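Scroll down for the structure; my scribbles are underneath it.
The values are calculated or read from the model by the stated rules, or taken from the named source; none is laboratory data. These numbers come from a predicted model, not from an experiment. Heads up, the Cβs are rebuilt from the backbone with ideal geometry, glycines too, and the neighbour counts pull from every protein chain shown. Please note that ligands, DNA and RNA were not included when accessible areas were found on the heavy atoms of the full protein model with its side chains. Shrake-Rupley method; radii C 1.70, N 1.55, O 1.52, S 1.80 Å.
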Amino acid sequence: LVIGFIAWLTEPVYGVGDMAVLLVRQIGIGLAAGLAVGFGAAWLGPRLRLTSDGLYPVFSLATAALAFGLAGSLHGSGFLAVYLAGLALADSRMGGKRALVAFHEGLGWVAQLGLFFVLGLLVFPSQLLDVALKGTVLAVFLAVVARPIAVFVAMLPFDFSAREKLVLGWAGLRG
């Protein structure tokens, strides 16, 4: 969608139809590449007899890189491909699961720390007072009004009582 909207803004002849074709192509190719690489890795993973549990995270990263690269080279969504390949690989009976889980949990923490460090570098304390009131009003509106309404709308097709929907709408406010 980001690529489509950027093209829509920068190219005068780019229209909604072009954006729809781009979206279908990105999802279709990403889906096919992710499932192909994921099922291939899920088939290969249990057959591997690696000498160290530390090599299984290397295999999972190689799987992710292959899925992303294949989808990207075919002009598909690499992110969707990696996600689907990861799901397929996680569902396999591959060895070294404990090492894989520990490695990816650590990698997730490092990624979060890096993200918040970079976001912190983008904050200018001298400019915070200018946006403090607007930001607080927006945050309160999103938490108190928009989220509960979105939950009520999303839960319409399901058989939940109003009390259950209210709990679901406010459950995210604890953190």
>> Within 10 Å of each candidate Cβ there may be at most 10 other Cβ atoms; applying that plus a DSSP loop requirement, which trypsin sites (Lys or Arg not before Pro) in the range 1-105 survive?
In response: R49, R93
> Per residue, what accessible area does the chain have, given a 1.4 Å probe and all protein chains present, in Å²?
Replying inline: 72 Å²
> Among 18-24, 122-128, how do they line up from the highest to the lowest mean number of other beta-carbon atoms within 10 Å?
Replying inline: 18-24, 122-128
> Roughly how many whole Å is it from the C-alpha centroid of the range 1-44 to that of the range 127-173?
Replying inline: 31 Å
> Hey, what angle do you get for helix 125-141 against the long axis of the chain, alpha-carbon based, 0 to 90 degrees rounded to 10?
Replying inline: 90 degrees
>> Give me the percent of accessible area attributable to carbon and sulfur for the chain, probe 1.4 angstrom.
In response: 74 percent
> Which option, (i) 9, 19, 22, 32, 16, 2; (ii) 10, 35, 33, 16, 4, 1, 0; (iii) 8, 31, 38, 21, 2, is the value of P(r) over Cα pairs in 10 Å bins from 0, in percent that was calculated from these coordinates?
Replying inline: (i)
> Based solely on its DSSP helices, what 222 nm [θ] is calculated for the chain when runs of n ≥ 4 H residues each add -39,500 (n - 2.57) and the sum is averaged over all residues, nearest 500 deg cm²/dmol?
Replying inline: -24500 deg cm²/dmol
>> Using Cα springs under 10 Å in a Gaussian network model of the chain, which residue among G114, G38, G30 shows the largest mean-square fluctuation?
In response: G114
